[in-house]
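Step one of this worksheet: look at the structure below.
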Amino acid sequence: MEEKNTIREELQALCPAVANLARINVYTVPEGYFQKLGERIVQYVKQNEEPSLQISSATPFNVPVGYFDGLAEKILNKAKQQTPGNEVRDELNSIAPFLNNISKVPVFSVPPNYFETLNIKVAEQKPARIFSFGNISKTVRYAVAAAIIGIVAIGSVLFINKEKSSSALSYKVEEIRKLSDKEIIEFLNAGSFAEVSPNSPMYLPQDQDYKQFMETLTEEEIQEFLKQNYVPSETQSKES
Amino acid sequence: MHLNDKELLYQFKQPDLKERAFTLIVKKYQEKLYWHIRRMVVDHDDANDVLQNMFVKVWNGLENFREDSQLYTWLYRIATNESLTFIEQQKRRSTTSFDEVESGLSNKIKADPGFDANKLEWKLQLAIQQLPDKQKIVFNLRYYDEMPYEEMSRVLETSEGALKASYHHAAKKVEDFILNH
């Protein structure tokens with residue numbers, strides 16, 4: 001109100017004739033204009049909306065029940081089928097097309113969190129000693145293998161029966177030399193000394209002391225043995 | 001963090017990063033290799049044993065891995081060999097015939113809690129078990145892993161032609177089995 005008085009005083013000072021005029025609204029409006037104005041404005045706004053916004057959100061179309069369940073997977077499968085250049089699928093189509101209809105999703109179950117908790121226990125292992133065969137040709141490798149087996153067998157003889165005469169050792173070497181390639185291959189295929197019969201010249205004891213003894217053999221000792229006892233298979237066949 | 005194989009191999013050769021790099025390699029390939037092995041040996045515990053063994057071999061051999069072949073190929077080769085060795089051991093230990101060992105794998109499939117004889121996916125597993133071991137591997141690598149013959153040739157050290165022939169035979173046999181059972 002104070003502000004109103006200030007304005008009036010201001011106007012009185014500037015233009016007293018105007019300040020004294022009666023404050024009457026000279027304009028008229030249709031009767032009841034303001035009563036219905038709100039509704040009319042709302043109606044006007046609606047009429048001027050984009051036509052699409054006037055359509056009900058309820059679609060008039062129906063879809064089969066459960067249509068959207070697994071739709072993404074079906075589309076993906078179809079897309080994969082139709083992907084040009086899917087060599088594996090195309091190939092299978094020409095061989096056994098029925099198999100292309102089967103899902104490749106794993107059917108086997110895995111314990112919960114198996115992959116998250118997978119823990120590989122590793123430990124540094126002493127690498128096995130490797131002995132080079134040098135220039136020995138492939139055709140005589142079995143004979144060299146036989147010689148190596150001989151080392152192992154002789155080692156066992158030396159270890160087990162140190163008191164025995166050297167003739168016993170020679171006998172063992174001779175026995176191994178007499179083995180055919182076939183017998184050696186069979187022995188190598190057996191995969192383990194443990195599987196060799198105790199009656200075979202290849203038989204070795206499996207106790208811990210023996211293993212320790214074998215570990216003490218130096219590379220030089222083994223190489224020396226190979227030089228002294230290596231017999232090519234051709235020579236063997238002539239001898240036999 | 002996603003490191004490529006070359007970076008992982010480089011890190012593996014650094015003593016202070018070795019274990020971390022190995023863990024990342026395991027994490028990167030464990031699922032693919034697990035499923036490759038599992039399809040061969042069927043049982044989860046067996047697959048877990050084979051997977052562990054193969055990664056132990058990887059740990060011991062990775063230092064000397066020659067990078068002229070892909071790590072992925074090398075891992076698949078070890079997993080394949082370990083699976084075959086495991087199956088061979090099962091056969092040797094078994095007092096029954098080889099055929100019965102094969103049917104043993106089928107029985108393991110049927111014993112799976114989720115087994116459903118009417119589902120094609122399970123029939124497919126039974127059909128795969130009827131294949132000889134080598135064909136089984138070729139079929140699995142091609143059908144599930146979609147491995148190109150060239151790569152498979154490096155994994156299995158077999159010519160591409162032989163692999164194609166093997167896959168064709170295997171796929172035909174599998175389809176016949178499913179359609180007739």
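The values are calculated or read from the model by the stated rules, or taken from the named source; none is laboratory data. Here the structure is a predicted model, which means the values were calculated and not measured. Here the Cβ positions follow ideal geometry from the backbone for every residue, glycine too, while neighbour counts run over all protein chains shown. Note: areas computed on protein heavy atoms with side chains; ligands, DNA, RNA excluded. Shrake-Rupley method; radii C 1.70, N 1.55, O 1.52, S 1.80 Å.
Using the structure shown, select from B:LYS27/B:LYS108; B:LYS119/B:LYS173; B:LYS28/B:LYS91; B:LYS110/B:LYS136; B:LYS32/B:LYS136 the pairs with a Cα to Cα distance greater than 21 angstrom. Listed pairs above 21 Å: B:LYS27/B:LYS108; B:LYS28/B:LYS91. Loop-resident GluC sites (Glu not before Pro) (DSSP state other than H, G, I, E or B) in region B:1-82 with no more than 12 further Cβ atoms inside 10 Å of their Cβ: B:GLU67. Rounded to 0.05, the FRET efficiency of the A:LYS121 and A:PHE68 pair, given R0 = 51 Å and the Cβ-Cβ distance, is 0.65. The label point for B:ARG77 and the one for B:GLU157, both projected 7 Å from the Cα toward the Cβ, are 0.7 nm apart.
Remark: mean inter-chain Cβ contacts per residue of B:3-16 equal 0, using a 10 Å Cβ-Cβ cutoff to other protein chain atoms.
Taking the solvent-accessible surface of protein heavy atoms with a 1.4 Å probe, what is the per residue accessible area of region B:45-181 in Å²?
48
With the cut-off at under 19 Å, measuring from each backbone N in region B:33-67 to a point 7 Å along the Cα-to-Cβ line of A:TYR114 picks out B:33-56. A simple spin-label model places the labels of A:PHE98 and B:ASP68 4.6 nm from each other, with each point 7 Å out along Cα-to-Cβ.
In this structure B:LYS27 has an accessible area near 100 Å², from a 1.4 Å probe over the protein heavy atoms. Chains A and B together bury roughly 3500 Å² of accessible surface, counting both sides and using a 1.4 Å probe on protein heavy atoms. The angle separating the long axis of helix B:160-180 from the principal Cα axis of greatest extent in chain B is about 40 degrees.
Provide the FRET efficiency to the nearest 0.05 for the B:TYR144-A:GLU220 pair, computing r from the beta carbons and using R0 = 51 Å. Efficiency, rounded to the nearest 0.05: 0.50.
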